[in-house]
Amino acid sequence: MRKELLKNFVDMNEVEAVSIAKALVETDGGPVAVLETCKEAMEEVGRLFEAGEYFLSELIAAGDIFNQIMAFTLPKLQQGDVSSIGTMVLGTVQGDVHNIGKDIFKVMAEASGIHVIDIGIDVPHEKFVEAIKEHQPDIVGMCCLITLGVDSMKQTVEVIKEAGLRDGIKIIIGGGRVSEAVMEHVGADAWADDAARGVRLSKELLA
Amino acid sequence: MTVKDPQSLAEEREARFFGAMELKATDRVPFTGLGGDIVAAYGGISNAEYTFDYDLQRQATVKYLRDFPSDLPASGGAGIGNIFLSLAFLDFPDLSTSIAFTTGPYNDVLGVKFCRFPGRELPDNSSMQYLGGAYMEPKEYDELIADPVKFSYEKIVPRTSTNLENLSSPTALATMARLGIEMAKHRASSRALGKELAALGYPSVVRGLGWAPLDYIGDQLRDIPNLVLDLRRHPDKVKAAVEALMEPLLKMSLMYKDVGAKYIFIPLHLNEYLSPKLYNEFFWPTLKEIILKLFEAGLKSQVFFEGWQDPHLETILELPAGWGVAYFEKTDVRKAKKLLQGHTCIMGGIDVSDIISSTPAKLDQYVKELFAEMMPGGGFIFSPNIGYLPRETPIENVRAVYEAVEKYGKY
């Protein structure tokens with residue numbers, strides 16, 4: 001059943017994938033098997049995206065299948081079944097109210113084993129600082145869609161530095177406006193203009 | 001150096017722009033200028049003041065365009081494109097063509113739920129933003145298909161515009177009357193600005209607006225994440241809906257001809273989201289038909305291919321040579337030129353993020369190298385990949401780009 005689930009998930013057969021997962025989750029050791037298979041499927045979807053075979057619509061569809069399956073799988077998991085490779089505080093920076101990119105990234109990051117704390121959109125610089133203090137993340141993800149976001153990310157990084165929190169964390173920036181040059185300008189550690197690359201680089205930063 | 005009279009200068013600039021559109025090399029690479037929030041910042045006013053005070057907006061625009069001359073007048077944001085209102089009032093061309101952009105003052109009157117403006121929902125120096133959202137359920141596709149105009153008017157307008165929630169209420173009637181008053185103010189201000197810009201030698205170029213049918217569904221009816229799921233869950237309905245939307249959206253764009261439009265701007269959003277299979281099945285056929293029909297009616301299109309258009313680049317060759325302008329955001333214009341030279345005018349060339357984060361010397365060198373590749377054969381319009389520079393853009397970087405155009409752009 002795991003193979004079938006994996007194949008149907010990766011092929012975007014939503015109805016079949018969800019129905020197989022529903023059956024599998026009821027078997028002995030099923031919840032863990034479903035979780036692991038879905039994570040594997042999301043990783044494969046990300047790989048296909050980076051290879052140019054899948055597109056944003058497939059990432060969104062995959063995220064939707066993942067969320068549907070997790071809705072009935074997570075309550076059946078025991079503590080300790082879900083391992084995390086690190087914690088990320090994630091938000092769209094101050095002045096920018098967009099969420100599509102952040103939300104696509106978030107589900108893929110969670111599927112890859114990153115514990116994501118989503119602090120929302122239009123997040124004031126200080127709120128990033130507070131969230132870092134509270135959640136002690138390994139990595140901070142900042143998103144922006146509009147051009148205003150570039151300097152907003154730079155200011156956020158500066159405020160994090162002023163608070164003396166920069167050294168202990170990695171920062172990845174993401175969204176339509178980021179590039180290598182913007183990463184340097186902002187003072188981040190990595191950049192990604194798509195979710196699959198973002199997750200791959202986040203995992204590298206956490207390694 | 002002789003100073004040209006404003007009228008000759010305007011004619012020269014217009015000829016440069018439209019010459020490139022005709023795939024020619026004229027005297028210099030046409031340059032659209034670098035607009036956005038930088039215009040307000042340079043004028044010493046907040047984005048909120050720029051958005052809501054017509055006099056301050058005009059003064060800032062004129063100051064910027066005097067100091068940073070380009071072939072078309074760059075400006076701060078005009079407003080947020082809202083096709084649902086234009087479509088709802090399709091049978092009233094004077095109204096329909098005037099409300100395609102929701103300006104800040106219009107939004108004060110209408111209360112459009114997915115628009116956010118500085119000085120209102122956002123801080124004074126934030127940029128105006130479009131939020132999206134789902135305003136239609138999947139079960140309503142049949143209603144949309146049966147009559148897209150009626151559906152926009154009866155269902156989408158009340159759901160998206162706070163002050164038009166009940167179309168027969170005094171609030172709604174007062175709102176439409178107030179919208180008329182605001183439009184008159186806006187027109188008066190535009191005329192005053194036009195006069196000042198004419199004195200500075202800027203041509204008056206009217207641009208109409210168009211929409212790809214699938215983008216209307218994604219942007220204003222279902223929201224993009226829902227629509228991409230609809231493509232898999234309700235493919236036949238979505239296909240019937242884009243086909244039903246084609247005629248009214250074409251009619252909408254054709255109306256701009258009567259108000260003097262010389263070309264139609266069609267900003268795309270979903271192109272980047274779709275695989276070639278989905279693009280060719282749901283997105284491109286009706287968009288292509290609209291571009292072809294506009295071309296037959298004597299209107300070229302200027303299509304903004306948002307994000308990466310690379311997987312769909314070759315579909316542009318299905319259009320007749322000289323159909324219009326392909327404006328690229330992330331797709332490399334050099335790569336596009338190799339494929340489209342002699343067929344399509346290419347627009348774009350510099351990443352806004354680079355203008356924000358680079359240095360004058362690097363920008364100068366970049367423009368020099370870009371032009372060396374893009375100029376031969378003509379048919380190239382230089383423009384930022386997104387026409388929206390933030391307030392914080394270093395002004396010396398802005399200046400460097402304008403100077404580089406003069407230095408390296410002459411044929």
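No lab work stands behind these numbers, since they all come straight from the coordinates. What you see is a predicted model; the values in this text were computed from it and never measured. Don't worry about glycine lacking a Cβ; one is built from the backbone with ideal geometry, like all the others, and counts go over all protein chains shown.
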Any pair with Cβ under 9 angstrom, 6 or more apart, that starts in region A:59-84 at a residue that is of a type in the set (Lys, Arg) and ends at one that is surrounded by 15 or more Cβ atoms within 10 Å (Cβ to Cβ) and in a helix (DSSP H, G or I): A:Lys76/A:Gly30; A:Lys76/A:Pro31; A:Lys76/A:Val34
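Here's the yes/no breakdown for (1) under 22 Å from the mean Cα position of the chain (by Cα); (2) at positive phi; (3) not in a helix (DSSP H, G or I):
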site: B:Ser127; (1), (2), (3): yes, no, yes
site: B:Gly133; (1), (2), (3): yes, yes, yes
site: B:Tyr141; (1), (2), (3): no, no, no
site: B:Tyr153; (1), (2), (3): no, no, no
site: B:Ser168; (1), (2), (3): no, no, yes
site: B:Thr171; (1), (2), (3): no, no, no
site: B:Ala177; (1), (2), (3): no, no, no
site: B:Ala184; (1), (2), (3): no, no, no
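Identify all residues within region A:106-138 that are within 17 Å of A:Cys38 (Cβ to Cβ) and either within 14 Å of chain B (Cβ to nearest Cβ) or part of a helix (DSSP H, G or I) (or both); write none if there are none. Step through it out loud before you land on a result.
Pass one, region A:106-138, residues within 17 Å of A:Cys38 (Cβ to Cβ): A:106-116.
If the condition is that a residue be within 17 Å of A:Cys38 (Cβ to Cβ) and either within 14 Å of chain B (Cβ to nearest Cβ) or part of a helix (DSSP H, G or I) (or both), then A:Lys106, A:Val107, A:Met108, A:Ala109, A:Glu110, A:Ala111 are the ones that fit.
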Failed condition for B:Leu313, given (1) more than 14 Å from every other protein chain (Cβ to nearest Cβ); (2) over 17 Å from B:Asp71 (Cα atoms); (3) assigned to a helix (DSSP H, G or I): (1)
Pair list, Cβ under 6 Å, 6 or more apart: region B:369-392 residue free of Cβ contacts under 8 Å to residues at least 40 places away in the same chain and more than 9 Å from chain A (Cβ to nearest Cβ), other residue surrounded by 19 or more Cβ atoms within 10 Å (Cβ to Cβ) and assigned to a strand (DSSP E or B): B:Leu370/B:Gly349
Filter result (free of Cβ contacts under 8 Å to residues at least 12 places away in the same chain and touching a helix residue (DSSP H, G or I) at 6+ places or on another chain (Cβ under 7 Å)) within region B:158-181: B:Pro158, B:Glu165, B:Asn166, B:Thr171, B:Ala172
Residues located in region B:353-377, provided they are surrounded by fewer than 19 Cβ atoms within 10 Å (Cβ to Cβ), not small (Gly, Ala, Ser) and not in a loop (DSSP other than H, G, I, E, B): B:Pro360, B:Lys362, B:Asp364, B:Gln365, B:Lys368, B:Glu369, B:Glu373
Residue match in region A:178-187 (condition: assigned to a strand (DSSP E or B), without any contact (Cβ under 8 Å) to a residue 24 or more places away in the chain and touching an Asp or Glu at 6+ places or on another chain (Cβ under 7 Å)): no
Candidate set: region B:229-281, residues that are within 14 Å of another protein chain (Cβ to nearest Cβ) and part of a loop (DSSP other than H, G, I, E, B); chosen: the one nearest to the chain's Cα centre (by Cα): B:His269
Condition met for A:Asp122 (under 26 Å from B:Pro225 (Cβ atoms) and in contact with an Asp or Glu (Cβ under 8 Å, 6 or more places away or on another chain)): yes
Residue selected from region B:329-352 under the condition within 14 Å of another protein chain (Cβ to nearest Cβ) and touching an Asp or Glu at 6+ places or on another chain (Cβ under 6 Å), by the criterion surrounded by the fewest Cβ atoms within 10 Å (Cβ to Cβ): B:Glu329
Condition check for B:Ile355: in contact (Cβ under 8 Å) with a residue 60 or more places away in the chain, within 14 Å of chain A (Cβ to nearest Cβ) and among the β-branched types (Val, Ile, Thr): yes
Some residue of region A:151-158 being in contact with a strand residue (DSSP E or B) (Cβ under 8 Å, 6 or more places away or on another chain), polar (S, T, N, Q), at the interface with another protein chain (Cβ under 9 Å from one of its Cβ atoms) and closer than 19 Å to A:Val97 by Cβ: yes
Sole residue being free of Cβ contacts under 8 Å to residues at least 40 places away in the same chain, away from chain A (no Cβ under 14 Å) and in a helix (DSSP H, G or I), chosen from B:Leu85, B:Leu65, B:Leu56: B:Leu56
Neighbours by Cβ (under 7 Å, 6+ apart or cross-chain): first from region A:99-117, closer than 19 Å to A:Asp81 by Cβ; second among the β-branched types (Val, Ile, Thr) and outside any helix (DSSP H, G or I): A:Ala109/A:Val116; A:Glu110/A:Val116; A:Gly113/A:Ile85; A:Ile114/A:Ile85; A:His115/A:Thr87
Given (1) within 13 Å of chain B (Cβ to nearest Cβ); (2) closer than 26 Å to B:Pro123 by Cα, index of the condition A:Met142 fails: (1)
Tally of residues being away from every other protein chain (no Cβ under 14 Å) and either within 17 Å of B:Leu90 (Cβ to Cβ) or of a type outside the set (Ser, Thr, Tyr) (or both) across region B:201-227: 14
Selection within region A:31-84 - touching a Gly at 6+ places or on another chain (Cβ under 9 Å), over 16 Å from A:Phe105 (Cα atoms) and part of a loop (DSSP other than H, G, I, E, B): A:Val82, A:Ser83, A:Ser84
Residue match in region A:53-69 (condition: more than 14 Å from chain B (Cβ to nearest Cβ) and closer than 23 Å to B:His234 by Cα): yes
